[in-house]
Amino acid sequence: MKIQRRILRPSEVLPLIGKPDFQKSRIERRLERCASVGDIRELARKKTPRAVFDYTDGAAMSESSLNRARDAFAHVEFTPRVMRDVSQVDLTVKMLGVTSALPFVLAPTGFTRMMHHGGEPAVAAVAGEYGIPYALSTLGTTSIEQLAASNPNTRKWFQLYVFRGREQTQALMQRAWDHGYDTLIVTVDTAVGGIRRREVRNGLTIPPQLTIRTLAEMATHPRWWLNALTTQPLEFASLSSSGGTVGDLITKVFDPSVSVEDISWIRNQWKGSLMIKGIQSAQDAVIAASLGVDAVVLSNHGGRQLDRSPVPLEILPSVVKEVGKEIEIYIDGGVTSGTDIVAALAFGAHGVLVGRAYLYGLMAGGYAGVARVVDILEKEIKVTMQLMGVTSIRELDADMVRLRPF
Ligand SMILES: Cc1cc2nc3c(=O)[nH]c(=O)nc-3n(C[C@H](O)[C@H](O)[C@H](O)COP(=O)(O)O)c2cc1C
């Protein structure tokens with residue numbers, strides 16, 4: 001059949017020509033074209049020196065703890081219900097007594113100003129904007145006070161590593177409480193620092209050293225270096241380091257003898273909500289609950305500590321069964337999409353902590369990059385829930401999800 005053609009008039013073509021929105025910066029426009037956390041990860045890889053990207057992206061030894069956690073999420077299968085009104089969806093969750101607009105928290109991460117000079121204040125600003133909690137790490141590069149001053153309206157949690165000296169530990173807790181941090185997260189999976197091979201291979205030390213290799217790097221990432229060298233010096237806000245990897249520092253500064261007595265001591269000192277992060281078995285979850293904590297995070301530190309540790313998603317149902325009625329159970333590790341978050345909630349998690357996903361955003365574009373990641377996760381959670389036929393987080397349950405055999 002002969003196709004009938006017509007002459008195109010310019011007035012028809014002109015409206016079809018896309019115009020860049022010059023109100024937005026170049027990086028904002030680039031971020032808009034990222035459709036997933038994976039796309040943002042690739043942008044982050046281009047924007048940062050290799051040692052910085054690898055520090056964030058990497059995990060311990062064979063990296064199997066992280067890879068297995070991601071693999072478990074990939075094996076999730078939902079059982080959707082249809083013929084239901086899903087026009088309105090409520091994504092809020094009450095976390096330790098306060099409503100969070102979304103069912104996830106921006107996890108504590110050390111050395112955040114290395115990823116981007118905007119650092120912790122930029123991440124906390126996004127958390128405030130979206131109405132979710134932000135957890136500042138003991139290994140943060142912004143002090144408890146600076147973060148509180150820059151983000152007075154963000155809900156702030158403080159992550160504590162127990163120092164060898166208890167006075168130092170107590171002083172940090174006091175400062176966090178005095179500056180409005182309502183939840184203390186005590187991380188217990190770091191008796192010693194994990195072995196992170198990428199850091200050794202890249203020669204990443206804390207503070208970063210200027211070597212011939214790093215000077216050569218400057219040529220490929222001049223903007224990152226300019227920002228790093230002309231803003232507040234890159235150092236930990238709560239402790240000083242004299243070289244070595246982050247793993248070496250953890251081993252040197254933090255106390256490997258921390259036991260249940262120390263958690264009881266912290267419980268007595270801390271007036272706010274208390275969360276234990278790094279629980280990897282139902283037995284330890286039961287012990288934590290018996291110590292009067294309010295929540296646990298099933299976590300293997302995003303695979304950065306013990307290689308071949310249990311996959312948090314896989315131990316979640318047994319922990320929910322043991323202590324789910326007594327305390328709130330959170331989970332983290334390997335989350336790269338809103339679908340992963342919905343899966344964790346359906347398996348019984350009260351909420352999810354997200355680490356690398358927002359750090360990729362930070363490396364890719366500072367505040368705008370983190371905001372883009374939260375945006376993507378929010379949309380993915382909402383659409384997944386709608387397509388599953390549920391309109392609130394409470395409706396998600398274990399009947400709607402299963403792990404396909406590996
Ligand atoms: C670069 C980086 C630094 C981290 N630093 C800390 C830390 O200082 N304290 C802590 O409790 N957890 C730390 N974590 C672990 C996170 O809080 C969280 O458990 C983990 O990132 C979750 O896995 P995901 O990154 O796959 O989401 C860090 C994780 C990353 C990726």
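A few remarks follow.
- Some residue of the range 353-372 being among the hydroxyl-bearing types (Ser, Thr, Tyr) and under 21 Å from residue 95 (Cα atoms): yes
- Residue-level check: of (1) within 21 Å of the chain's Cα centre (by Cα); (2) over 23 Å from residue 344 (Cα atoms); (3) in contact (Cβ under 8 Å) with a residue 12 or more places away in the chain; (4) surrounded by fewer than 17 Cβ atoms within 10 Å (Cβ to Cβ), residue 54 misses just (4).
- Looking across the range 57-69 at every residue that is under 26 Å from residue 405 (Cβ atoms) and surrounded by fewer than 18 Cβ atoms within 10 Å (Cβ to Cβ), the one that is farthest from the ligand (Cβ to nearest atom) is identified as 62.
- Residue pairs meeting the criteria (Cβ under 7 Å; at least 6 apart or on separate chains; first in contact (Cβ under 8 Å) with a residue 40 or more places away in the chain, in the range 386-406; second assigned to a strand (DSSP E or B) and surrounded by 16 or more Cβ atoms within 10 Å (Cβ to Cβ)): 388/78; 393/93; 400/78; 401/76; 401/78; 403/76
Per-residue answers, yes or no, for (1) small (Gly, Ala, Ser); (2) within 16 Å of the ligand (Cβ to nearest atom); (3) touching a Gly at 6+ places or on another chain (Cβ under 8 Å):
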site	(1), (2), (3)
8	no, no, no
46	no, no, no
55	no, yes, no
105	no, yes, yes
110	yes, yes, yes
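- The condition of being within 14 Å of the ligand (Cβ to nearest atom), modelled with pLDDT under 95, basic (Lys, Arg) and surrounded by fewer than 22 Cβ atoms within 10 Å (Cβ to Cβ) holds for residue 198.
- Qualifying residue in the range 19-39 (condition: surrounded by 14 or more Cβ atoms within 10 Å (Cβ to Cβ), at pLDDT 95 or above, closer than 20 Å to residue 332 by Cα and more than 20 Å from the chain's Cα centre (by Cα)): no
- From the options 284, 262, 248, residue that is farther than 30 Å from residue 345 by Cβ, buried (at least 16 other Cβ atoms within 10 Å of the Cβ) and modelled with pLDDT of 95 or more: 262
- Search result, residues across the range 356-406 that are crowded, with 21+ Cβ neighbours inside 10 Å, more than 23 Å from residue 28 (Cβ to Cβ) and within 23 Å of the chain's Cα centre (by Cα): 384, 385, 393, 396
- Scanning the range 289-312 for residues that are more than 15 Å from the ligand (Cβ to nearest atom), in contact (Cβ under 8 Å) with a residue 24 or more places away in the chain and of a type in the set (Gly, Ala, Ser) yields 289, 292.
- Listed by first and then second residue, the pairs with beta-carbon distance under 7 Å, at least 6 apart or on different chains, first residue in the range 244-256 and under 15 Å from residue 138 (Cα atoms) and aromatic (Phe, Trp, Tyr), second within 12 Å of the ligand (Cβ to nearest atom) and part of a loop (DSSP other than H, G, I, E, B), are 254/161; 254/162; 254/190.
- Whenever a residue of the range 328-345 is touching a residue at least 24 places away in the same chain (Cβ under 8 Å) and over 15 Å from residue 396 (Cα atoms), its partners that are among the charged types (D, E, K, R) and more than 14 Å from the ligand (Cβ to nearest atom), lying with C-beta atoms within less than 9 angstrom and at least six residues away or across chains, give the pairs 328/294; 337/380.
The values are calculated or read from the model by the stated rules, or taken from the named source; none is laboratory data. None of these values were measured; they are calculated from a predicted model. As a convention, Cβ positions derive from the backbone with ideal geometry for all residues, glycine included, and neighbour counts pool all protein chains shown.
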